[in-house]
Structure formats: C-alpha cells, structure tokens
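Every read-out reported here was derived from the displayed coordinates using simple, explicitly stated rules and does not represent laboratory data. Everything numeric in this text was worked out from a predicted model, so none of it was measured. In this analysis, Cβ positions are derived from the backbone assuming ideal geometry, glycine residues included, and neighbour counts consider all displayed protein chains.
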Amino acid sequence: MSAAKQSLLVLGIRVGGAVLQMLLVATVALRFSVTEVGLNGILWAVALVARMAGPLGLDVMGLRSQSPLWADGRDTLAVKLGRRYAAALARVWSVAFLLLAAVCVALAVGGGPWGWVLALGVVATASAFQRLFVVQRQARNWPLLGQFMESIVLPALGLVGALITSVIAPNWLIASQVMAFVLVTLILYAASPSVQEGRARRRRTASSTSDVPFTGRHARAVPKPDPMYVPRHASGAPRLDDAAHAPIPWRPALTVGAGNALTSLCVRGPMFVIGGQSLAAAGVYEVAQKIQSGGAMGTSAVATVFAPRIAVALRKPAALIKLLVQAGGSSLVVPLGLLAFLFVVGSDGLVAVLGDEYQGAWAASVVLVVSTVINAITSAMSNVMMLGGRERMFAVIAAVQMLLVVGGALVSGADTAVSMAVWVLIGETFRSACMAAGLVLHLRAVRT
C-alpha cells in the first residue's frame, strides 16, 4: 500500500478516535460527578504521558534498528531484536511495579487511596507497552492495526465501560477504564510482529511435516527452516557488535525518552500554567486546543506512516529528501484546510456557536493552527534527528522548547488563551528551525 493511502487511512482512524474521545468525555461529564470526571481526566492524562515517556526511548531505538531489517527481508533478526527490546522494557517496569506495590501496601495500611494509585500504575504500564507494540508494527510497515486499536478500540471500550458502570456500578468507572487499557495492550501484544512471526514459523514447520513415509517414491524434500542471521568471526564466535547480541542502547534510548517526556510536557504545560492564572481562560484555551488538534491529526497520521520509510532511507540523501518533501506536503493539507475554515467562520461565527465567554477562542485557535502548519513542514525531520543518532540534540531542543513556552508564559504573566497561544507559536517556531538545522547536519554527515 502506498504511503498516501496509508496516511489517509490513518487520518480517518484518528478522526474517528477524536469523535469517540469527545463522546467519552461528554458521557462521563453527564453521568458522573465532577470528582469522577476529574479523576478520569487525570487517568487519561497519565496514560498520555506514559505513552510518550514510558517506553524509555526503546520504541524509537527499535524503529531505527528494526525497520531496515524488515525492509531487507532479515525477518528473524528483526523479530529477535523486537523481543529483546520488549524484554528489557519488561524488566524495568517490573521493578517499577514492585515499588508501586510496596507504596500501595503502605497506603492500604495507613488508610490511603491505594486503589487509585494502583490504577494509575497499571494504566501507565499498559500505555508504555502499547506504544512499544504499536511502533514495532510501524517498523514492520503494519501501522493500521496499531492506530485502530489506540485511536478507535481504546476510547470505544472506555465509552462502553462508562455507559455500563453508570447504570449498574458508578463507583467502578475508573476500574472500567483500567480494564480497557489492559485489554488493548494484550491484543496489541498478540498482534506484535514477534508473536505473529513466531506463529507463522510454527505453521510453516507444521505444514512441512507429513505422515507419508519418507521412503521410496513417496519421499519428498522438506524445506529447511530459515537460518538465523548471525554474522560470525572466523573463529565462529558471534561478533560483539552484531545487532542480535549487542547490548541494549540504553544511553541513546533514555535520551530520546527524556526528549519525548519533555515534548509531552510542552503539550500539557500551557494548560497547567494558564489554569493557575484563570480557570475561565483555561476553558477558552481548551476549546482552542481542541480545534488545533484537528489539524495536528493530519501531521500525526503522516508521521506514523513515513517513520519506518525514513528509518530505511537515512543513509540515502536523495531518497530521504524526497520522503521529507512528500511527508511535509501531505502534512500541510489538513492544518491549511482548518486554517481556511477558521477564517471563513470568523470570530463572530465561533462566538455565536460557543457563547460570549469564548471571545478569545477564535484568535487563540488561529495562532495555534499556525503553529501546527509550521510543525507540519518539519515534523518528519524530527524522525531524522531521533533515528539518525542525534538523540541528545533532540532532548536538548525539547528542553529548551519547554522552557521557552512554559517559562516565557510564566515570566510574562500570560493569563489569556491568546497570549498563551503566542508562546506556543514561539516554541514551535524554535523547534521547527532546530529540526531543519538538524536535517542539514545529517545530510552533511551522510555525504562526507
């Protein structure tokens, strides 16, 4: 399937997911108390942060190492690497979960909210592995199912859980959401390339076995299983730098993970800052951000499809530039269309729909969508930086962007949605310029 078709399908999935998310929020708000609404919001916010930071950068490292292997037909090595990365992440989260269990026991003894803390820990763990398995499917160039599970199935299960619990057991709302996260993670694990290829290998082995005696005229050759790709020294010992035996690249992985965590804070930070200034302004900014998210869906859909292709073309300058131009052009379609729609509707039209208290929503939406247009041009370039070995630069840029947006808003005393959106635009302009500079550095390094 072409990249354009995959991008459109992923975009359609993201749009459907956005609708389901809004239905979930509306259902919880109408059927549960304000406290439950707040708790559910915190739960999903933790899931978002854990999805970005929870894989500890192993998702990006896996995408960088496995995509070329799948493209070259070295499936066995790609599967082995995928399993090693999943096992490494499982070890880290096992330790974290043991610590969480100890905290829950202490809270239970002291009469604290141990169940709530446990729910947050389970959702964070599930979200981290969801991201890992989704990216492993991206590396295999199978992006659609992962996007469907995350964007459609997860909020749909959350919505069903909210509807059921609102009727029979209102106190079980949070538990129903936790079960949705766990179920989606288990399905994505079963659909991960490592598990799928293991099943395919077992089926091939079973089909090659026959009850017919292998003698006389009934004898037939049985295909040999694919050999495992393990380059060796002349002595027969595995190479220390062989990808199948090399240590997990924790340093670059954790650097990327820190950058992703900072990026997630850049998304959530403005809301926290403006909420501390004025809840009314925070409501206006929330509306503007929801409008902006429509444009960001197109960029995200394109990035999902093009990431494995970029990983394969990192050492091919001409092919890489062609992919980046295609990705940038495809990413611009939705945010530019949304920007045109906002100018057609106008400030008066938006206020007529939302009410006079949302006077600044239109201007804030325009500024945020402009920042999305800028991001669309350079979004795919961030993959070049992360996948091309410049993890530290990526993390530093994310840190400076966060300081620029959050720090600038705090120092200037931004207390309106428009002023907060301006700082977001400044931060996005800085980030995009840095991504373009990173691309230039990468191309120079490849050509020399």
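Data table
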read-out: For 84, 203, order by how many other beta-carbon atoms lie within 10 Å, fewest first; value: 203, 84
read-out: Rounded if a/c under 1.5, otherwise prolate or oblate - the range 7-107, Cα gyration tensor axes; value: oblate
read-out: Distance in nm between pseudo-label sites at residue 251 and residue 168 (7 Å out along the Cβ direction from Cα); value: 5.5 nm
read-out: Per-residue Cβ neighbour rank within 10 angstrom, fewest leading, 415, 59, 72, 348; value: 348, 72, 415, 59
read-out: Linear extension gain, residue 99 paired with residue 33, 0.36 nm per residue minus alpha-carbon span; value: 20.6 nm
read-out: Global geometry of the range 263-413, whether rounded, prolate or oblate, following the gyration tensor of its Cα atoms and the 1.5 cut on a/c; value: oblate
read-out: Order of 182, 367 under a 10 Å beta carbon neighbour criterion, fewest first; value: 182, 367
read-out: Whole-Å distance, taken between Cα centres, linking the range 136-196 and the range 85-120; value: 21 Å
read-out: Pairwise label distance in nanometres, residue 22 with residue 396, each label 7 Å out on the Cα-Cβ vector; value: 4.2 nm
read-out: Length added when fully stretched, residue 444-residue 189, from 0.36 nm per residue minus Cα-Cα; value: 87.9 nm
read-out: Computed over the range 249-448: relative contact order in percent, which uses C-alpha pairs under 8 Å that are six or more apart; value: 34 percent
read-out: Shape category assigned to the range 1-204 from the gyration tensor of Cα positions, a/c cut at 1.5; value: oblate
